[in-house]
Structure formats: C-alpha cells, structure tokens
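Colleague: The structure follows.
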Number of protein chains: 2
Amino acid sequence: MSRFWSPLVDTLKPYVAGEQPQMRDLVKLNTNENPYGPSPRALAAIKAAADDALRLYPDPMSTKLREAVAAHHRVKADQIFVGNSSDEVLALVFQALLKHERPLAFPDVTYSFYPVWCGLYGVSYREVPLDGELRIDIDAFPGDCGAIIFANPNAPTGHALARAEIERLLKAHPDIPVVIDEAYVDFGAESTIPLIAAYPNLLVTHTLSKSRSLAGLRIGLAFGQRDLIDALERVKDSFNSYPLDRLAQAGATAAYEDVDWFEQCRAKVIASRERLTDSLRKLGFDVLPSKANFVFARHPVHAAADLQRALREKAIIVRRFDKPRTKDFLRITVGTDAECERLAAALKEILRWNEGAGPR
Amino acid sequence: MSRFWSPLVDTLKPYVAGEQPQMRDLVKLNTNENPYGPSPRALAAIKAAADDALRLYPDPMSTKLREAVAAHHRVKADQIFVGNSSDEVLALVFQALLKHERPLAFPDVTYSFYPVWCGLYGVSYREVPLDGELRIDIDAFPGDCGAIIFANPNAPTGHALARAEIERLLKAHPDIPVVIDEAYVDFGAESTIPLIAAYPNLLVTHTLSKSRSLAGLRIGLAFGQRDLIDALERVKDSFNSYPLDRLAQAGATAAYEDVDWFEQCRAKVIASRERLTDSLRKLGFDVLPSKANFVFARHPVHAAADLQRALREKAIIVRRFDKPRTKDFLRITVGTDAECERLAAALKEILRWNEGAGPR
C-alpha cells in the first residue's frame, strides 16, 4: 500500500490470465485461442483500413460493425453494444447492471474474472455450487439475489445448458438482470440471443476471440433490449468514448460478413474436440462432455499439476485452476488435429513414465 | 431509471465527445485531430501484423511498445503504462490514484471528462478557478486537497505552464499524487517526463492521437515511478487483461521509432497555428496564445454560437463549450494551411454578412 494509491487498489485481487509465452515451436493449448487464422476477408479489410484516415477518431458507435452483427443474429443494431474485448464489455456490465443491494449470484465454478470485477466495482456476490457432475443447476439460484451471471457453455467445465433451461431461469427471475456469457457458444451450444425479444431482463455477451479467431483484435459484444443497452452506453460514455479502433471495427465487420469461413473453422474445431475427447478417454482420463473449444479432463491416478509440469517440459502448455473443485483437472484448448495428436502422444509417454515403465 | 440498472447509472452525466460527422468535403476542425496522416512506417507495421497471428491474444504488457517509448523519452520501460487511449488511461488513473478522503482538485476550465470520471468512480472534487487571463494559477491549489490533475497545455485554452512552474507545484504538494495530462505537449510546451525521476508523486499522461496522428488507433500512455505504475497495473488487471490489440501495439511502436515523421508533422502544425492565430487576430478575434494544436478564440462583437452555426452551414465544423467561462469562445483545431485559409475566408464572409454588408 502506497500513500499515493486510492485505498481500493490495495484490496484488489487482479485476474491472472493464461500466460502468453514467447517461446517458439510451442503447442499453446492454454488460452482457448482458435487454431485457425481469422477470415482472409477480415485481414484484407484491416489492411485496407490502415491508411491516412487513422489520423481521425473512429466511429464512437461502431455503426457498421453493429449493423453486420445485427444482420447475422437477426436483431436490431440498437440492441447491440460493442467493446474492446468481452472482458471490457463484462466489466461495464458489472458496473451498469449487476450492482444492487442484494448480492449477485454466480456458480462457484465459472469464469474466474467475475469475482475480480466484483472487487473492482464493490459488487457483493454469492457463489452457487455446481452439482456433483459440475453442472449448473438452474434451481439452485436463490430467489433473493440481485442479479445472475454465468457462462454458457460454462468455463472451465465446457458443460452447456439448453436454451429451454435458461428460459426457465428467466421466467423464475423476471425482476432481476440475468447475464449469459456466451464466449464459447458457437462450438455447439444454443445461443439465447433469440430470447432477448421476449425477456427484458436478459443480456447476452459474445466475443470474437474464440469462434472468429480474433483474440488479437479485442472485440466483445452484448445483446439485449434497449433499456439494458442504454445502461451500458451511459457507462461507456462516462468511461471512454471511442473504445474500438478503426482497424478493429473494419476487421470485425468483415469477419461477421464471412459466414463460410466461420462455419468451416468452427466445424473443424468441433470435430477435433470429439477426437481429442476420445483419445484422452483411451488414456484413462475422465473428460467432461464439452460444447466449447476446450476440454476439461482429469486422470483418476495422475495428479493434474504433475501432468501440466511434464507437458510443459515437452513445450506443450495447458491450463489448470488451483481451486478446490477444479485443481484435479487440466483445461486443454482444442488445437489442430496435429496439435491434439502431439498432446495425446506426450501424455501417453508421461503416463508410462509415471507408471515406472521408462526413464524420466 | 430502470429497475434493471445499477443505481449508479442514473446518476451519470456522460461525456459528450466532439461529433464525428460522416459528411464529405468537410473541414473538420472540431476534435483536434492531426491534419497529416500517421507515419508510413506505422501503416506498414500494421499491414505486416494483419496476419494469422491475430488468432492469438496480444502481449498483455505491450512490451515492445513500452520499450520503444522508453528509448524515446529516456525512461525505463517499467515506468510506462499503456492503455486503449489516454481516456482509458485517465479513467484508470482516477480509480487507482485520485480517489482519496480529501477532494481531488482541478481547474474550473480544463478537460471536461474529469468531472465525468469523478461521477463514475465516486471521486469527490473541487474546481480551482483559472485566473482572469484563463491561466492556471499554481498557487491557487488548496493545501488540503487529496490529489491534483490538469492538462498542460490546458484544454481548451491552449495555455501552457513552464516545467519549472509545475516543479514548484510538485514541491508544494509532495504528499499527494499530481497528474499532468500532456495530450498536447508536443506542439510547443515542456514535458514534465524528465521530472518523474525526482518526484515520486508525479504521473504524466500522453496520447498518440494528436502529435502522432493516430486518433483512429486508440493508444494512451502514463509515465511515473514504479509505485504509481504498479497501482495502474493492478487496476488494469482487475478490469481488462489485454487492453491493446496486436495492430495497435505494432503501429504505435513503429510510430515512436519514426522520429523524423513526428518532427516534421508537429513543426508544420506549429507553423500553421501561428499563421492561423495571425489571420484570426486580423479579423478582430482575441486569440489566446496556444501551445497546442488548436486555438481558443472569441470575437468581441459576434457571438460564438452564431459563428459556429454559420461555419457549419459552410461545412466547417469547430467546437464550442457551453459553460459560463468558455461559451464565448470557439475552439478551432489547427488544420492544413489550406483548411485554415478556408476557415479564415469563411469567417471573413460571415463577419461581413453579420455586419450587414451582404445578403445571408
């Protein structure tokens, strides 16, 4: 604590993102990036936008981008909010919609940035335990909470709830905001965007970092009725008028227009996920059924921390969350088939070593 | 007020940015953009970075950019904080360094986003009047404030304080954070960056939107001793881990490396500012002496609001701040010489009309 700091700073417990090592020839399966590059049309649009017009401020409302997203999801452009990554969008959501007298509720296992934002904005919260299968139980959310948020598919489990289940939750809690963080929804889960027309309390967030291969460009979205979007715009215009640069707006717009590329990439990732799940199960892992671009797996014998360390020695990086209910699992991003095979081969070798069959 | 909003939202008074009209053939002198494009090396670096690596998260610490900036300003890279525009950097500064039991102090005329951030983060503040010449009076800051912030050159007046004056302020207030917002410093004022080594309470902020012609790319910087930068990093890592996209990092790094382009552009803007000041004075305007890329001018006879409206009819956009001490002034961005001449010719015609010499 420094005498120059606002007192808040000393109380913060910052989020720890997955590492971004600069090593070469790494198999990087730790931050759920897409193994395939972004749409060539997005890259072309960025290059075309890299001109003298960069001297001018960007469109503060990202109008063209919102129009492209609106056409894709069949909503109105004014039902869309955009920000510099879904992390920024979510941070503004915590400020604008989730701070009430009664506590916010979220699962005890979900995106680990949620409690950090609660700390930053002074939002009180309550954690609702997942069930024994590490699934979200819709009926476990208390009747007296001030708001609800969770990821669907959930992170880091990969489990997805059906849209009808979430609709049941919306009906049970009509008077509080319910935020569904759909960062991974394009890999096989049902989006709740079609529900926003009927549920004024529903806000849905998306990212272009996963299914659209643009983690390096930082774009996030929120979908909801005007009342909710209005709150986000008021906070945004009290924070940073121009959150999305010209290149990000141009690239993201083109990425939304290239539906074929999007469909091909996500189909490949989904197919690889199923193959990876099979090969991990053959090695004896318990693998949760995933609808995301990662799998959450534990071995009944070998400690996850040991496996993570041994993989790292082979230049393969996976993620582990050192909390009571998750510490025994590895969260493994779905890479290309070649990367998944390299991971499986490495694990096979490590398990054999650990069982004493070979030299370490 | 909606039942779904956090109560804070209803209390916000969002910042109103200068408009970004999409009209063609506009002379846009309202948001202090640079009339010259960014460094060709910056554009080339952006194009080179628009590749498959955009599928990966950016460096969360913007290491190469901070190293380039450090080399330019002869400080250490770890004395630099970067963000998605200086507005974002300043917003984090308000959270991290300016919220204390005693109120923050800033001039009654300065960057109008400061009171907005106070509202967003619950920072109490006190406005310190400029003197009769609309200059900041160092001795007017009260001894019992919790922190101090102002722009130097100040906005929208364009007045600059000498570095020695600011050093006197730092010595008078050694126990509180003092933030100098140097958005416009490269157009002729003295930077206080050389003072950070000696003053642990000094934080300096910069932007690449003005002198480096990259308003469309959104990059801001802060300079200070580790203790202050540490507070900003803690808040940033509790808000958004990856604030700067890959393209912005690449373009900004190259812009800092192209010193010649920077020197040429700012010299041209400074020369045009002096010519613009002369021609406005010849038309009878009072023009404050500016060290920024804008001038602040009032006419003793013609109302600023009328002049602004008449200019707009001629597709020339300038800015006016409708507050008691500033409402009589126009803030005019320094454009190219051709743009400045078009403005002066338009004003000459408008003044003649207003004086009854010709038809409206």
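Colleague: Restricting the search to the stretch A:136-149, which residues are assigned to a loop (DSSP other than H, G, I, E, B) and either surrounded by fewer than 13 Cβ atoms within 10 Å (Cβ to Cβ) or outside the structural domain of A:A162 (by TED's automatic domain parsing) (or both)?
Modeller: A:P142, A:G143, A:D144
Colleague: Checking A:V89 against (1) touching a Gly at 6+ places or on another chain (Cβ under 8 Å); (2) away from chain B (no Cβ under 14 Å); (3) among the aliphatic types (A, V, I, L, M), which single condition isn't satisfied?
Modeller: Condition not satisfied by A:V89: (2).
Colleague: Can you name the number of the only condition in (1) within 30 Å of A:Q264 (Cβ to Cβ); (2) hydrophobic (A, V, I, L, M, F, W, C); (3) not in a helix (DSSP H, G or I) that A:V301 fails?
Modeller: (1)
Colleague: Pick out the one residue from A:A292, A:A254 that is in the same structural domain as A:D131 (by TED's automatic domain parsing) and in contact with a helix residue (DSSP H, G or I) (Cβ under 8 Å, 6 or more places away or on another chain).
Modeller: So the residue among A:A292, A:A254 that is in the same structural domain as A:D131 (by TED's automatic domain parsing) and in contact with a helix residue (DSSP H, G or I) (Cβ under 8 Å, 6 or more places away or on another chain) is A:A254.
Colleague: Taking the condition over 30 Å from A:L288 (Cα atoms), more than 10 Å from chain B (Cβ to nearest Cβ) and part of a helix (DSSP H, G or I), does A:R24 pass?
Modeller: No: the conditions fail for A:R24.
Colleague: Out of (1) within 30 Å of A:A297 (Cβ to Cβ); (2) more than 10 Å from chain B (Cβ to nearest Cβ), what's the single condition that is false for A:T31?
Modeller: Every condition holds for A:T31 apart from (2).
Colleague: Moving to a separate point now. Go through the residues of the stretch A:63-75 one by one and say whether even a single one is out of contact with any Cys (no Cβ under 6 Å at 6 or more places or on another chain), surrounded by 19 or more Cβ atoms within 10 Å (Cβ to Cβ) and within 12 Å of another protein chain (Cβ to nearest Cβ).
Modeller: The answer is no; no qualifying residue exists.
Colleague: May I ask you to list the residues in the stretch A:216-239 that are surrounded by fewer than 23 Cβ atoms within 10 Å (Cβ to Cβ), part of a loop (DSSP other than H, G, I, E, B) and within 8 Å of another protein chain (Cβ to nearest Cβ)?
Modeller: Matches in the stretch A:216-239: A:D237 only.
Colleague: Restricting to the stretch B:1-52, name every residue that is aromatic (F, W, Y) and farther than 30 Å from B:G335 by Cβ.
Modeller: Those that are aromatic (F, W, Y) and farther than 30 Å from B:G335 by Cβ: B:F4, B:W5.
Colleague: Here's something else I'd like to know. Restricting to the stretch B:41-61, count the residues that are assigned to a loop (DSSP other than H, G, I, E, B) and more than 7 Å from chain A (Cβ to nearest Cβ).
Modeller: Residues meeting the conditions: 1.
Colleague: Can I ask one more? Kindly provide the set of residues from the stretch B:92-111 that are within 14 Å of chain A (Cβ to nearest Cβ), more than 26 Å from A:P243 (Cβ to Cβ) and of a type in the set (D, E, K, R), ordered by number.
Modeller: The answer is B:E101, B:R102.
Colleague: Pairs only if they're at least six apart or on different chains, beta carbon under 6 angstrom, first in the stretch B:12-32 and within 19 Å of B:A91 (Cα to Cα) and touching a residue at least 12 places away in the same chain (Cβ under 8 Å), second part of a loop (DSSP other than H, G, I, E, B) and among the β-branched types (V, I, T); list them, first residue then second.
Modeller: From the stretch B:12-32, the pairs are B:G18/B:T31.
Residue by residue, here is whether (1) without any contact (Cβ under 8 Å) to a residue 24 or more places away in the chain; (2) assigned to a loop (DSSP other than H, G, I, E, B) holds:
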position: B:F81; (1), (2): no, no
position: B:S112; (1), (2): no, yes
position: B:L134; (1), (2): no, yes
position: B:A160; (1), (2): no, yes
position: B:A164; (1), (2): yes, no
position: B:L169; (1), (2): no, no
position: B:P174; (1), (2): no, yes
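Colleague: Those residues that are of a type outside the set (A, V, I, L, M) and surrounded by fewer than 20 Cβ atoms within 10 Å (Cβ to Cβ), I need them from the stretch A:19-30; list them, please.
Modeller: The answer is A:E19, A:Q20, A:P21, A:Q22, A:R24, A:D25.
Colleague: Within the stretch B:190-210, does at least one residue satisfy the condition of being out of contact with any strand residue (DSSP E or B) (no Cβ under 9 Å at 6 or more places or on another chain) and surrounded by 24 or more Cβ atoms within 10 Å (Cβ to Cβ)?
Modeller: Checking the stretch B:190-210: at least one residue is out of contact with any strand residue (DSSP E or B) (no Cβ under 9 Å at 6 or more places or on another chain) and surrounded by 24 or more Cβ atoms within 10 Å (Cβ to Cβ).
Colleague: Check B:S2, B:S6 and return the single one that is more than 26 Å from B:V318 (Cα to Cα) and at pLDDT below 95.
Modeller: The unique qualifying residue is B:S2.
Colleague: Inside the stretch B:246-283, can you point out the residues that are farther than 15 Å from B:P40 by Cβ and in a loop (DSSP other than H, G, I, E, B)?
Modeller: B:L283
Colleague: Also, I was wondering about something else. Spot the failing condition for A:A70; the list is (1) in contact with a helix residue (DSSP H, G or I) (Cβ under 6 Å, 6 or more places away or on another chain); (2) hydrophobic (A, V, I, L, M, F, W, C); (3) part of a loop (DSSP other than H, G, I, E, B), and only one is missed.
Modeller: (3)
Colleague: Inside the stretch A:182-215, can you point out the residues that are touching a residue at least 60 places away in the same chain (Cβ under 8 Å), under 20 Å from A:S62 (Cβ atoms) and either more than 13 Å from the chain's Cα centre (by Cα) or not in a strand (DSSP E or B) (or both)?
Modeller: Those that are touching a residue at least 60 places away in the same chain (Cβ under 8 Å), under 20 Å from A:S62 (Cβ atoms) and either more than 13 Å from the chain's Cα centre (by Cα) or not in a strand (DSSP E or B) (or both): A:A183, A:I193, A:I196, A:L203, A:S209, A:K210, A:S211, A:R212, A:S213, A:L214, A:A215.
Colleague: Which condition number does B:Y36 fail, the rest of (1) assigned to a loop (DSSP other than H, G, I, E, B); (2) more than 10 Å from every other protein chain (Cβ to nearest Cβ) being met?
Modeller: Looking at each condition in turn, B:Y36 falls short on (2).
The values are calculated or read from the model by the stated rules, or taken from the named source; none is laboratory data. Note that the structure is predicted; figures quoted are calculated from it, not measured. All Cβ positions, even for glycine, are placed from backbone atoms using ideal geometry, and neighbour counts span all protein chains on display.
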